[in-house]
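S.K.: Before anything else, here's the structure in question.
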Amino acid sequence: MIDDLKSDAEQRMRKSVESLAVAMNKIRTGRAHPGILDTVRVNYYGNEVPINQVANVSVEEARMLVVTPWERNMVNEVERAIMKSDLGLNPSSAGQVIRVPLPALTEETRKGYIKQARHEAELARVAVRNIRRDVNGDFKDLLKEKEISEDEERRAQEDVQKLTDRFIGEIEQMLAVKERDLMIV
């Protein structure tokens, strides 16, 4: 029973960290990487699909992405989807290839992105702590129902605290890496 609750907590905490990783990938650092366009959805014959299902996204230079749609008639749709995205990018097409230049980040935009990264990290920390609170509440319920002893409850809470510390450490590490990437000029 206790082990099931702990493994469930670990899975939920891991999902929170994975969610943070996705959120951090959306924050661009001024250098080109294909993950920047992961959130862009393209109208493909009436269906909204991720850009990587209709085109190949690659890095040409440090600040240039190249998007190559697999079908010639999708060039305009892909270009339109990139423009409509909230990424602030301005693509230009040349035949079958769409070039997406990434503007250099100003000091102000860097600070804004760092603020956004810190906010996302704080949301992930709160999610991990909420999971800890929920699981500890479950342990207390088991104790009230006399299904576990006080010693078992205390040991279980200590184990969950170690899990919490480990995942919050991962969150802090991800935030530090993102801040370092954002400050590189």
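S.K.: Can you give the helix-only mean residue ellipticity at 222 nm for the chain, where every DSSP H stretch with n ≥ 4 adds -39500 (n - 2.57) and the sum goes over all residues, rounded to the nearest 500 deg cm²/dmol? Walk me through the numbers before you get to the answer.
M.R.: Working: 4 runs with 107 residues, N = 185.
Helices in the chain give a 222 nm mean residue ellipticity of -20500 deg cm²/dmol.
S.K.: How high is the FRET efficiency between residue 63 and residue 41 when r is their beta carbon distance and R₀ equals 25 Å, given to the nearest 0.05?
M.R.: Efficiency computed from Cβ-Cβ geometry: 0.60.
S.K.: Oh, and also: Please identify the longest segment of the chain free of exposed chymotrypsin sites (Phe, Trp or Tyr not before Pro), where exposed means a DSSP state other than H, G, I, E or B and no more than 11 other Cβ atoms within 10 Å. Provide the component values of the computation, followed by the final result.
M.R.: Values: sites that count: 45, 70.
It works out to 71-185.
S.K.: If you don't mind, there's one more thing I want to ask. How big is the dipole moment of region 83-128 about its Cα centre under a simple scheme where the beta carbon of each Lys and Arg is +1, that of each Asp and Glu is -1, and everything else is neutral? Debye, nearest 20, please.
M.R.: Here the size comes out at about 40 debye.
S.K.: If you put +1 on each Lys and Arg Cβ and -1 on each Asp and Glu Cβ, how big is the dipole of the chain around its Cα centre, in Debye rounded to 20?
M.R.: Rounded to the nearest 20 debye, it is 820 debye.
S.K.: Take the cross-link list 26/140; 140/178; 84/178; 115/140; 84/115 and give me the ones stretching past 31 Å between alpha-carbons.
M.R.: 26/140; 140/178; 115/140
S.K.: Something else about it: May I ask for the longest run of the chain untouched by GluC sites (Glu not before Pro) that are loop-located per DSSP and have at most 13 neighbouring C-beta atoms (other than their own) within 10 Å? Intermediate results must be reported in sequence, preceding the final value.
M.R.: On the way: sites that count: 71, 145, 147.
For GluC sites (Glu not before Pro) (loop position, at most 13 other Cβ atoms within 10 Å), the longest site-free span of the chain is 72-144.
S.K.: In a shell of Cβ-Cβ distance under 14 Å around residue 159, excluding residue 159 itself, what net charge do Lys and Arg (+1) and Asp and Glu (-1) give?
M.R.: Residues close to residue 159 contribute a combined charge of -4.
S.K.: Right, next: Restricting the calculation to Cα positions, tell me the Rg (one decimal) and the Dmax (whole number) of the chain in Å.
M.R.: So, for the chain, Rg and Dmax equal 22.0, 72 Å respectively.
S.K.: Using a 7 Å offset from the Cα along the Cα-to-Cβ direction at both residue 31 and residue 147, what is the distance between the two label points in nm, to one decimal?
M.R.: With each label placed 7 Å out from Cα toward Cβ, I get 4.9 nm.
S.K.: Here is a follow-up. What is the calculated FRET efficiency for residue 109 to residue 14, with r their C-beta to C-beta distance and R₀ = 30 Å, to the nearest 0.05?
M.R.: The calculated FRET efficiency here is 0.45.
S.K.: May I ask for the net charge around residue 127, where only other residues with Cβ less than 13 Å from the Cβ of residue 127 are counted and Lys, Arg are +1 while Asp, Glu are -1? Don't skip to the answer; put the middle values down first.
M.R.: Values: positive: 12, 14, 15, 125, 129, 132, 133; negative: 18, 120, 122, 134, 170.
For residues surrounding residue 127, the net value is +2.
S.K.: Further question: Subtracting the Cα-Cα distance from 0.36 nm times the residue separation, let me have the gained length for residue 130 to residue 70 in nm, one decimal.
M.R.: Once the chain is fully extended between residue 130 and residue 70, it gains 17.2 nm.
Computed from the coordinates by the stated procedures, all read-outs in this text should not be read as laboratory data. Because the structure is predicted, anything quoted here is derived from the model rather than measured. So basically every Cβ, Gly included, is an ideal-geometry build from the backbone, and we count neighbours across all protein chains shown.
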